[in-house]
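Below is one structure, written out as structure tokens, with a few remarks after it.
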């Protein structure tokens, strides 16, 4: 896929496309220093990573104020979403070298993004409208990471009904969902991925542990 075809599919401005192209150029330069994406996906960056990330935008309400992306890695999907939407976005990434890469992209593209260099379970949470993640962890563990960010910073309040998780999952999504439902009560909608017909976008609201007294991890 070319950047121009991407623009037709996602309907972004020329300025936004220029920022995304700059993002790709920086990634390709840094890839020789650190492993940001798999080598076999480099030739398909605009499909495998940019379009895969951008498809989440259709599920982000216009009134969204804060997005949090867990385990951002090379910035997919959170940084792509921030560049396209202009919504305040927080990227949580434990690898210091990847965090440095993300800061460089943010500096050059002027994306409205803050980096949090640490593990999701070790960072004091803030309330978010949208939580995103891609290839971070199996769904039961991912829900444990995400749930505190949908609550108040104390972790004691229930999620806001308008907040939700958008998780990109591969072919094993159904097995992960079945396993998660053993320990979590969730409202889940699955949407076929436009980049992988075996994959799904899992749209999850109100994740709460099945055991009322169970403490959510911080």
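Points worth noting:
- Intensity falloff of the range 54-119 expressed as log10 I(q)/I(0), Debye formula with alpha-carbon point scatterers, at q = 0.18, 0.19, 0.24, 0.29 Å⁻¹: -0.57, -0.63, -0.97, -1.33
- Here the relative contact order of the range 39-173, from alpha carbon pairs under 8 Å that lie six or more residues apart, stands at 23 percent.
- Over the range 107-207, the Kirkwood radius and the radius of gyration, each from Cα atoms, give a ratio Rg/Rh of 0.98.
- Both radii are taken from the alpha-carbon atoms of the range 3-209; with Rh as the Kirkwood radius, Rg/Rh is 0.94.
- Mean Cβ count within 10 Å, highest first, over the residues of peptides 180-188, 64-72, 32-40: 64-72, 180-188, 32-40
- Distance from the range 1-38 to the range 84-158 (C-alpha centre basis), Å: 21
- Two-site label geometry, residue 194 and residue 66: point separation in nm, points 7 Å out along Cα→Cβ: 2.9
- Annotation: the antiparallel percentage among DSSP beta bridges lying fully within the range 3-209 is about 40.
Laboratory data are not the source of any read-out in this text; all were calculated from the coordinates shown. Quick caveat: nothing in here was measured; it's all calculated off a predicted structure. We place every Cβ from the backbone using ideal geometry, glycine too, and count neighbours over all the protein chains shown.
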